[in-house]
Amino acid sequence: MLESVFNEVYTKFKLHFYRGIFERLQEREASLSASEAYAVEVIHALNKPTITQFADFLCVSKSNATYKLNTLVKKGYIQRVKSDSDKREFHLHTTEKFLKYYAINQSYIDTVMQRINDRFSQAELVQFEKMLAVISRELMPETKSGLYAS
């Protein structure tokens, strides 16, 4: 039962996001292919990775990653920023254009979070937050590569 409900919640988040993407495609606002959209979301989630970190995370060659990154730079969704500590290294930053695109997903998360806050007691919310933190930090080690670092 728990697995089924968890899959249902996860699927609903994905479906809402995909619907938003396709609505923008119909309005001709979106200029990203599906693989480009996934790539820029990975960059955002990894929080300013280097090109090597991005390529390693996706298990692709650096040249393949660079090709994809060049397209995203050209379309204005990311920029390369020279590292302060190592001038040979570049970090990938998402742009304001990406953040507008990403708002499709974030606004729904905000809506659901407000509904969660309205529906559950403070004690339930504290417990839910603790459980989510354990899931994120301990039970999903495959995706620890800098995700959501401050």
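The values are calculated or read from the model by the stated rules, or taken from the named source; none is laboratory data. Because the structure is a prediction, the values reported are computed rather than measured. We place every Cβ from the backbone using ideal geometry, glycine too, and count neighbours over all the protein chains shown. The protein model used for the area step is the full one, side chains on, heavy atoms only, and it has no ligands, DNA or RNA in it. Shrake-Rupley method; radii C 1.70, N 1.55, O 1.52, S 1.80 Å.
Some notes on this structure:
- Residues that are within 14 Å of residue 40 (Cα to Cα) and among the aliphatic types (A, V, I, L, M), drawn from segment 57-80: 58, 65, 69, 72, 73, 78
- When segment 81-108 is filtered for residues that are within 15 Å of residue 41 (Cα to Cα), open to solvent by less than 70 Å² (accessible area, probe 1.4 Å) and among the aliphatic types (A, V, I, L, M), the ones remaining, listed by number, are 92, 103, 104.
- Failed item in (1) open to solvent by less than 70 Å² (accessible area, probe 1.4 Å); (2) farther than 20 Å from residue 94 by Cβ, with residue 46 passing the rest: (2)
- Selected residue (criterion: modelled with the highest pLDDT) from residues of segment 1-29 that are open to solvent by less than 70 Å² (accessible area, probe 1.4 Å) and of a type in the set (A, V, I, L, M): 5
- So residue 116, is it in a helix (DSSP H, G or I), touching a residue at least 60 places away in the same chain (Cβ under 8 Å), under 24 Å from residue 15 (Cα atoms) and not basic (Lys, Arg): no
- Looking at 32, 69, just one residue is at pLDDT below 85 and in contact with a Phe, Trp or Tyr (Cβ under 9 Å, 6 or more places away or on another chain), and that residue is 32.
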